[in-house]
């Protein structure tokens, strides 16, 4: 399973959709990049392969970052990509 995470301006939480196949995930990633590069506000409607009832519509000019990553079982559950936490040993 591949996850495409979109970071939106003025929103602390990413919006995520999943794709089962790597080719489909790469194609979606490229289409989001193309929409971001266009400089025009385009409406993007995204669906999710994991949760087929999940639908997201957003304006391309509100996307500040896009991340494509491979989800690997339970290790990816509950984690927000790009962030980590550390604890100091006292």
Which of the residues that make up the range 35-50 are closer than 20 Å to residue 69 by Cβ and either assigned to a helix (DSSP H, G or I) or in contact (Cβ under 8 Å) with a residue 24 or more places away in the chain (or both)?
-> 35, 36, 46, 47, 48, 49, 50
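Yes/no matrix, rows are residues, columns are (1) surrounded by 14 or more Cβ atoms within 10 Å (Cβ to Cβ); (2) assigned to a loop (DSSP other than H, G, I, E, B); (3) modelled with pLDDT of 95 or more; (4) under 13 Å from the mean Cα position of the chain (by Cα):
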{"residue": "16", "(1), (2), (3), (4)": "yes, no, no, yes"}
{"residue": "26", "(1), (2), (3), (4)": "yes, no, yes, yes"}
{"residue": "30", "(1), (2), (3), (4)": "no, no, yes, yes"}
{"residue": "61", "(1), (2), (3), (4)": "yes, no, no, no"}
{"residue": "81", "(1), (2), (3), (4)": "yes, yes, no, yes"}
{"residue": "85", "(1), (2), (3), (4)": "no, yes, no, no"}
Take the residues in the range 1-14 that are farther than 15 Å from residue 48 by Cβ and part of a strand (DSSP E or B), then tell me which one is nearest to the chain's Cα centre (by Cα).
-> 7
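The values are calculated or read from the model by the stated rules, or taken from the named source; none is laboratory data. Everything numeric in this text was worked out from a predicted model, so none of it was measured. Here the Cβ is made from the backbone with ideal geometry for all residues, glycine too, and neighbour counts use every protein chain on show.
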